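Readers should treat all values here as calculations from the given coordinates under stated rules, not as data from a laboratory. Quantities reported herein were computed from a predicted structural model and do not represent experimental measurements. Please note: Cβ atoms are built from the backbone with ideal geometry, for glycine as well, and neighbour counts cover all protein chains shown.
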Amino acid sequence: MEKKILIRPIISEKAEKLSSAQPRYTFLVNKDANKIEIQKAVQQHYGVTVKDVNTLTNPGKKKSRSTKRRVSVGIKPSYKKAVVTLNEGDSINIYGEI
């Protein structure tokens, strides 16, 4: 079974600032994916040439909330992001997929 590498594009204020200044796009990716797999997946899915891939893994965080009976404690899952830099002249229409 083939694992899904690209989960979804990240649309946030910081990601929009990156994509407007340079051809850089942010994606939520599989935690087991490496930079080469991410590069190939973006090139195949969007038909662009990838210049560079930077990744970062955010650890899971402990969250709690108070209810009437007790304090409910849980853990938010960890995730991996990839910031993909494209060659000059290439672009991805993220909003066309929504």
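Sort 15-21, 4-10 by packing, meaning the average of other beta carbons within 10 Å per residue, with the highest value first.
Working: 15-21: 13.3, 4-10: 15.7.
Per-residue mean Cβ counts within 10 Å order the peptides as 4-10, 15-21.
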Inset, instruction - Could you tell me which of TYR46, ASN87, ILE7 has its Cα farthest along the dipole of the chain towards the positive end, charges placed at Cβ (Lys, Arg +1; Asp, Glu -1), taken about the Cα centre? - result: ILE7
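Any chance you could run the full-extension gain for LYS76 through ILE36? It's 0.36 nm times the residue separation minus the Cα-Cα distance, nm to one decimal.
Details: separation 40, 0.36 × 40 = 14.40 nm, distance 2.75 nm.
Extra length available between LYS76 and ILE36 comes to 11.6 nm.
Taking 20 Å as the cut-off for C-alpha to C-alpha distance, list the pairs among LYS3/LYS62; LYS35/LYS62; LYS3/LYS81 that go past it.
On the way: LYS3/LYS62 28 Å; LYS35/LYS62 28 Å; LYS3/LYS81 16 Å.
Pairs exceeding 20 Å: LYS3/LYS62; LYS35/LYS62.
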Inset, instruction - Let me have the relative contact order for segment 6-87, percent, based on Cα pairs under 8 Å that are six or more residues apart. - result: 35 percent
Inset, instruction - In nm, give the distance between the simple-model label positions of LEU28 and THR57, each being 7 Å from the Cα along the Cα-to-Cβ direction. - result: 1.8 nm
Legend entry - Rounded to 10°, Cα long-axis angle of helix 35-46 versus longest principal axis of the chain: 70 degrees
Inset, instruction - Please work out how much length the chain gains when fully extended from THR67 to GLU13, using 0.36 nm per residue of separation minus the C-alpha to C-alpha distance, in nm with one decimal. - result: 16.2 nm
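Taking a threshold of 29 Å on the Cα-Cα distance, which of the pairs LYS51/LYS76; LYS14/LYS68; LYS14/LYS51; LYS17/LYS76; LYS40/LYS61 fall above it? List each step's numbers first, then the result.
Values: LYS51/LYS76 32 Å; LYS14/LYS68 37 Å; LYS14/LYS51 20 Å; LYS17/LYS76 26 Å; LYS40/LYS61 31 Å.
Listed pairs above 29 Å: LYS51/LYS76; LYS14/LYS68; LYS40/LYS61.
Can you sort ASP32, ASP90 so the residue with the fewest Cβ neighbours within 10 Å comes first?
Numbers: ASP32 9, ASP90 15.
Lowest count first: ASP32, ASP90.
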